[in-house]
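First comes the structure, then the notes that go with it.
The values are calculated or read from the model by the stated rules, or taken from the named source; none is laboratory data. Here the structure is a predicted model, which means the values were calculated and not measured. Ideal geometry is used to build each Cβ from the backbone, glycine not excepted, and the neighbour counts take in all protein chains shown.
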Amino acid sequence: MRFLRGLAAGLLALAAVAATAADEEYFLDGAQKKELLLYGTITGRDQAQYNIWLVPGYVPPARHVPKGWRAAGKDLQEYGKPAYYRAAREIAVKTMLYGRHDILGEFTVDGTRKAWRDAASAANRRVQKRVFGWWLAWPWAVVEASTISAVRVGLGVPGGIGVWGAGALGVPAGALVAPAAMAVGHAGGEGVALPVAGAAWNTLVAPPLALAGQQPAPERADGWWMKRLRDPAEDDMRARVAAWQAGWQGAPELLAPREALVVRQKERQAAIDALRARLDAETRAWHDEQAAAEAAWQARALERALAAVPGLRRELADQGYGPARLEAEREVFLGVLTGGGLDPAGAARVVDALIGR
């Protein structure tokens, strides 16, 4: 009770001060108080509108009520649209297909099969070439393939089943619940909670500010706490300055240079376009010439290389390099030939001829 009595006394004192100073036009008048309470804005003596950031007003939060309920209605309308169920079915089918085909099929089954095939092929190649430590090739292949298989099966089987289950059960369940959940969020949030919270806050802060607030003025607007929104005088001044500017900008001595510059710009752009077209044509001709010269050189070089292959084969044979060793060094030969200018296809033909394929 003492608190309420003190609050009432304080409000009466503020009212008395406001009434005393009203003649000095320091405090807000009745229309401004009403505007602040309802809209959170004040129209000043200069007819400019000021927004008070701290005060939401009663009307702006209340405008969210129909918006929130309309949004909730639109959410619930999804239940009556066949396209919504088709989209949910498509998502469910794609999710199930991803779990079954991509995870279980490709990652788990095909990946495990490929791991064993690659390991066996690598082991067989090492044994045939008798590389250093070749007798460990097959044990290593078994360990490598087993490790990869364990990882793929351990991750792929539960992952694939989980994703497939999410598509079969989770997506349909989510599709049935989602519109209702969104409707509750829109109706309860924007349609109820936001207006109620705004009205409660406005009831707390607006009356004291309306009672003791000062007349707004440009020098008192900081751009955030109080922001000057609209000034009719600015529109009038802008129109007058624009009309004045249009009057002297239309003089012939000002228009003629601008028009001449526009004509010159068009001529310049036309010249640039013609030059660019010539450059493009020259570039294409040069590329064609280069390609033809390169193709002719590759053909002549390949012909000479193939003709010289028998001599190189005899020289290598004299040094003890047999067919198996030449096959093993295939990448070395390819590197030397392509480094000397032959294209990969030509280099491969030369190496095949050298090995005797």
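Determine, yes or no, whether Val350 is of a type outside the set (Ser, Thr, Tyr), touching a residue at least 40 places away in the same chain (Cβ under 8 Å) and either in contact with a Phe, Trp or Tyr (Cβ under 9 Å, 6 or more places away or on another chain) or exposed (fewer than 10 other Cβ atoms within 10 Å of the Cβ) (or both).
yes
Checking the conditions here, which among Gly311, Gly247 is loosely packed, with under 10 Cβ neighbours inside 10 Å and under 50 Å from the mean Cα position of the chain (by Cα)?
Going through Gly311, Gly247 in turn, the sole match is Gly247.
Run Tyr321 past the list (1) surrounded by 12 or more Cβ atoms within 10 Å (Cβ to Cβ); (2) over 22 Å from Lys129 (Cα atoms) and report the number of the one that doesn't hold.
Failed condition: (2).
Taking region 116-172 as the region of interest, how many residues are among the small types (Gly, Ala, Ser), more than 30 Å from Ala87 (Cα to Cα) and assigned to a helix (DSSP H, G or I)?
Here the count works out to 12.
Inspect region 213-221 for any residue being under 45 Å from the mean Cα position of the chain (by Cα), outside any loop (DSSP other than H, G, I, E, B) and surrounded by 10 or more Cβ atoms within 10 Å (Cβ to Cβ) and give the result as yes or no.
The answer is yes, given that some residue of region 213-221 is under 45 Å from the mean Cα position of the chain (by Cα), outside any loop (DSSP other than H, G, I, E, B) and surrounded by 10 or more Cβ atoms within 10 Å (Cβ to Cβ).
Rundown of residues vs (1) under 13 Å from Pro207 (Cα atoms); (2) surrounded by 11 or more Cβ atoms within 10 Å (Cβ to Cβ); (3) aliphatic (A, V, I, L, M); (4) at pLDDT 90 or above, yes/no style:
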residue	(1), (2), (3), (4)
Met1	no, no, yes, no
Leu4	no, no, yes, no
Gly10	yes, yes, no, no
Ala16	no, no, yes, no
Ile42	no, yes, yes, no
Asp46	no, yes, no, no
Leu54	yes, yes, yes, no
Pro61	no, yes, no, yes
Trp69	no, yes, no, yes
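Would you check if Thr112 is touching a residue at least 40 places away in the same chain (Cβ under 8 Å), more than 28 Å from the chain's Cα centre (by Cα), in a helix (DSSP H, G or I) and surrounded by 15 or more Cβ atoms within 10 Å (Cβ to Cβ)?
Against the criterion (touching a residue at least 40 places away in the same chain (Cβ under 8 Å), more than 28 Å from the chain's Cα centre (by Cα), in a helix (DSSP H, G or I) and surrounded by 15 or more Cβ atoms within 10 Å (Cβ to Cβ)), Thr112 qualifies.
Checking Thr203 against (1) over 30 Å from Ala48 (Cβ atoms); (2) polar (S, T, N, Q); (3) at pLDDT 90 or above, which test does it fail?
(1)
Output the qualifying pairs, or none if there are none: Cβ atoms under 7 angstrom, residues six or more apart or on different chains, first residue in region 50-72 and among the aromatic types (Phe, Trp, Tyr), second residue assigned to a helix (DSSP H, G or I).
Short answer, once both residue conditions are applied: Tyr58/Leu37; Tyr58/Leu38; Tyr58/Ala199; Tyr58/Asn202; Trp69/Ala187; Trp69/Gly191.
Would you be able to say whether some residue in region 94-107 is among the acidic types (Asp, Glu) and modelled with pLDDT of 90 or more?
Taking region 94-107 first, the residues among the acidic types (Asp, Glu) are 102, 106.
With the extra rule that they be modelled with pLDDT of 90 or more, the set shrinks to 102, 106.
Scanning region 94-107, I find at least one residue that is among the acidic types (Asp, Glu) and modelled with pLDDT of 90 or more, so the answer is yes.
Which of the residues spanning region 73-86 are free of Cβ contacts under 8 Å to residues at least 24 places away in the same chain and of a type in the set (A, V, I, L, M, F, W, C)?
Across region 73-86, the qualifying residue is only Ala83.
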